[in-house]
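Read-outs: derived from the displayed coordinates by stated rules, not from any lab. What you see is a predicted model; the values in this text were computed from it and never measured. Every residue, glycine as well, gets a Cβ built from its backbone with ideal geometry; the counts of neighbours run over all protein chains shown.
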Amino acid sequence: MPKWLDMPPLWLAFFVAFAWLQSSYLSARLTFGGVWSDFLGGLLVGAGLVLIGLAAAEFRRHKTTIVPHNAPSRLIQSGIFKRTRNPIYLADVLILAGLILRWDAVLSLPLIPVCLWILEKRFITPEETLMRQAFRVEYAKYERKVRRWL
């Protein structure tokens, strides 16, 4: 797969499109139950968008790359990165889960762990390897202090 095509937003778009298609054309008359799932779905999508905004602001403030597979020039440990090492990937999973709830895409629930697995294998693990090589002791301390997801 070309490097420019192997980007987390494209993977998220693929999973979102799949969930939407499933909810639109193969609902099997299954539902999460109405108002609560719409509300919770909206909260998850909103939280995901906020996480992306907070993370993007930290990348900009520290003047380092937000692009996966590129070597970072700085190790960000401030802002949202004090709480999670992967706020944008966490946001992707929250957005997917939220949209699945909002659309009553019950049969698409297995997409959530599949998306999480792909993000971890294709992006997080290689990025952590780059960070360990670039920042050695500093990253080791950060890794012990801050969890991967939450």
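Val35 sits among other residues whose Cβ lies under 15 Å from its own Cβ, and their net charge, with Lys and Arg +1 and Asp and Glu -1, is -1.
What's the longest bit of the chain with no exposed trypsin sites (Lys or Arg not before Pro), using DSSP loop states and at most 14 other Cβ atoms within 10 Å as the test? With a cap of 14 other Cβ atoms within 10 Å, the longest stretch comes to 84-146. Treating the angle as unsigned and between 0 and 90°, give the value, to the nearest 10°, between the Cα long axis of helix 125-145 and the longest Cα principal axis of the chain. Rounded to the nearest ten degrees, it is 70.
Which net charge results when you count Lys and Arg as +1 and Asp and Glu as -1 among the other residues whose beta-carbon is under 12 Å from that of Pro87? Combined, the nearby Lys, Arg, Asp and Glu give +3.
Sort the chain into rounded, prolate or oblate with this rule: let a ≥ b ≥ c be the square roots of the eigenvalues of the Cα gyration tensor; rounded if a/c is under 1.5, and if a/c is not under 1.5, prolate when a/b is larger than b/c, oblate otherwise. Since a/c reaches 1.5 and a/b is larger than b/c, the shape of the chain is classed as prolate. In percent, rounded to a whole number, the relative contact order of region 8-145 is 38, using alpha-carbon pairs under 8 Å and six or more apart. Whole-Hz Karplus values for region 111-122 come out as 5, 5, x, 5, 4, 4, 5, 4, 4, 5, 6, 7 Hz, taken residue by residue from phi with 6.51 cos²θ - 1.76 cosθ + 1.60 and θ = phi - 60°; glycine and proline positions read x.
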